[in-house]
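In what follows, a single structure is set out as structure tokens and then discussed.
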Amino acid sequence: MANAPDFESGIFAGSSPAVPGYNMDTTYYSQVTGESFVSTAVYPNRLQDKAKLETDTDLVEYGSSSLFFYSTKGSLLAQGYIRIVYGDHGPYTEHVREQIVWDAFKCVRTSVGFYDKWIAKDGSNVLLYDQRKTVANLPNPPAGNLSFSGNRPEGYADYRIGRMYISPYDIKIRHSE
């Protein structure tokens, strides 16, 4: 698993972007990816999802290295996440490979569609999606409890190739192992 970056600026994951002078390029996301952080909560349905998720959990949109992700049966699945992707299929935590505890998962589908699908080995049914293609050409998501047909010209979510996604509603989050 990746170590937390050294924040010389004093800004760290969990700092509020509402703080005057806060630089979004010092987020955990930017430290890991080298990209500027840009919110994906830009439509009313996504803002509603963000408000609910941030009320119900310790997750912040721009990522954190200090949270541990567990299945509902207690298996450690990941340490840290780089951001929350708010799309029209609901929110998903986004991870880089080094954050995933791969021994906790088994692959159940590869080389088909937009992602490889992994499931937690402990029987908790936590799914991990290893993104193989973007959904930039799909204006609407597949059916689901949180799906919203927004007819987005940019695609229904900002899923990135080579990143992993987990529904935050399928896991437990802790601040320590």
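The values are calculated or read from the model by the stated rules, or taken from the named source; none is laboratory data. Nothing here was measured: the structure is a model prediction, and the numbers come from that model. Cβ atoms come from the backbone with ideal geometry, glycine included; neighbour counts cover every protein chain shown.
Brief remarks follow.
- Only one of the numbered conditions (1) under 24 Å from residue 174 (Cα atoms); (2) of a type outside the set (Lys, Arg); (3) free of Cβ contacts under 8 Å to residues at least 60 places away in the same chain is violated by residue 34, and that is (1).
- Some residue of segment 145-164 being surrounded by 16 or more Cβ atoms within 10 Å (Cβ to Cβ), more than 20 Å from residue 32 (Cβ to Cβ) and within 12 Å of the chain's Cα centre (by Cα): no
- Residue in segment 162-177 that is farther than 26 Å from residue 55 by Cβ, modelled with pLDDT of 95 or more and either among the polar types (S, T, N, Q) or out of contact with any helix residue (DSSP H, G or I) (no Cβ under 6 Å at 6 or more places or on another chain) (or both) present: yes
- Qualifying residues in segment 74-101 (those that are part of a loop (DSSP other than H, G, I, E, B) and not hydroxyl-bearing (Ser, Thr, Tyr)) - the one nearest to residue 162 (Cα to Cα): 96
- Qualifying residue in segment 76-89 (condition: at pLDDT 95 or above and of a type in the set (Ser, Thr, Tyr)): yes
- Residues in segment 102-137 that are of a type outside the set (D, E, K, R) and assigned to a strand (DSSP E or B): 105, 107, 108, 115, 118, 119, 120, 127, 128, 129, 131.
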